[in-house]
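K.L.:
What follows is a single structure, and I will ask about it in a moment.
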Amino acid sequence: MTNVGDTSSNPGPSPAAAGREIRFLVIARILGPVGINGEVRAQMLTDFPEHFSQLTTVNVGENLRPYRIESAKPEGTTVVLKLAGVEDAETGKALRNHEIHIPIDQAMRLPADQYYWYQIVGLKVCTDDGRELGEVTDVLRTGSNDVYVVGRGSKELLIPAIEDAVLSIDLQRGSMIVHLIPGLVDEP
């Protein structure tokens, strides 16, 4: 199983965990203004940098204020954006540390065996021999693969998001079946 997300930050609890539907995904965080004409540099928090060239609007900040994208220039792990209505450095500076969101229906489509983080958090986790381990409470991004944090009472279990460990994910049932690999995870 591969876990790919359009955001490396956790956008919030899954619908199963919170009893509400996730409507937006975070795809970037504004770092600050670039120059004096209102452009801003944003740290991309997406696995799809090409997505910025396909978007026409984004929502910024906690109030999800909509902005039309006038231009987007990816530069490594950042993107320089010109947002309509942001005409000078001061206005761009006011957006520093604000997250850039997109509606969930504008998220990139994933192959059948890949999932967004919001779909993983909240899943109930059981072993392949039927033992209940708890619920996925977080997803950690590491260099080689994601790691699922499974809450077990006052303890946490870390499960690598690799084929040998994650056997199946069923979003309809809200469940994940795992195989505890000796040496990678502690037995419960």
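K.L.:
Return the residue satisfying two criteria in turn: it lies in the stretch 16-44 and is assigned to a loop (DSSP other than H, G, I, E, B) and modelled with pLDDT of 90 or more, and of such residues it is nearest to V136 (Cα to Cα).
P.N.:
Here is the first cut: in the stretch 16-44, the residues assigned to a loop (DSSP other than H, G, I, E, B) are 19-23, 35-38.
With modelled with pLDDT of 90 or more added as a condition, the list becomes 35-38.
On the way: G35: 43, I36: 44, N37: 44, G38: 40 Å.
Only one residue fits best here, namely G38.
K.L.:
Report yes if G151 is touching a residue at least 12 places away in the same chain (Cβ under 8 Å), of a type outside the set (K, R), surrounded by 12 or more Cβ atoms within 10 Å (Cβ to Cβ) and not in a strand (DSSP E or B), otherwise no. Quick ask: steps written out before the conclusion?
P.N.:
Working: touching a residue at least 12 places away in the same chain (Cβ under 8 Å): yes; of a type outside the set (K, R): yes; surrounded by 12 or more Cβ atoms within 10 Å (Cβ to Cβ): yes; not in a strand (DSSP E or B): no.
It is false that G151 is touching a residue at least 12 places away in the same chain (Cβ under 8 Å), of a type outside the set (K, R), surrounded by 12 or more Cβ atoms within 10 Å (Cβ to Cβ) and not in a strand (DSSP E or B).
K.L.:
Cβ-Cβ distance below 6 Å, separation of 6 or more or different chains: which pairs start in the stretch 41-65 with a residue that is at negative phi and end on one that is among the hydroxyl-bearing types (S, T, Y)?
P.N.:
From the stretch 41-65, the pairs are R41/T78; Q43/T78; M44/T77; L45/T7; L45/S8; L45/S9; V58/Y67; V60/Y67.
K.L.:
Search the stretch 92-110 for residues being assigned to a loop (DSSP other than H, G, I, E, B) and within 16 Å of the chain's Cα centre (by Cα), and hand back the single one that is surrounded by the most Cβ atoms within 10 Å (Cβ to Cβ). Reasoning before the result, please.
P.N.:
Kept after step one, since they are assigned to a loop (DSSP other than H, G, I, E, B), are these residues of the stretch 92-110: 95-98, 107-110.
If we keep only those that are within 16 Å of the chain's Cα centre (by Cα) as well, we get 98, 107-110.
Numbers: H98: 17, A107: 19, M108: 16, R109: 5, L110: 17.
Filtering the stretch 92-110 for residues that are assigned to a loop (DSSP other than H, G, I, E, B) and within 16 Å of the chain's Cα centre (by Cα), the one surrounded by the most Cβ atoms within 10 Å (Cβ to Cβ) comes out as A107.
K.L.:
Take the stretch 159-174 and flag every residue that is surrounded by fewer than 15 Cβ atoms within 10 Å (Cβ to Cβ) and in contact (Cβ under 8 Å) with a residue 12 or more places away in the chain. Step through it out loud before you land on a result.
P.N.:
Quick first cut of the stretch 159-174, residues surrounded by fewer than 15 Cβ atoms within 10 Å (Cβ to Cβ) only: 163-164, 167-168, 170-173.
Within the stretch 159-174, E163, D164, L167, S168, L171 qualify.
K.L.:
Select from the stretch 108-141 the residues that are polar (S, T, N, Q) and closer than 28 Å to L55 by Cβ and list them in ascending order. Let's see the steps before the verdict.
P.N.:
Step one: filter the stretch 108-141 for residues polar (S, T, N, Q), giving 114, 119, 127, 137.
Q114, Q119 - these are the residues of the stretch 108-141 that are polar (S, T, N, Q) and closer than 28 Å to L55 by Cβ.
K.L.:
Of everything in the stretch 70-91, what is surrounded by 17 or more Cβ atoms within 10 Å (Cβ to Cβ) and either of a type in the set (K, R) or over 21 Å from F52 (Cα atoms) (or both)? Give them in sequence order.
P.N.:
K82, A89
The values are calculated or read from the model by the stated rules, or taken from the named source; none is laboratory data. Being a predicted model, the structure only gives us computed values, none of them experimental. Note: ideal-geometry Cβ built from the backbone for every residue, glycine included; neighbour counts use all protein chains shown.
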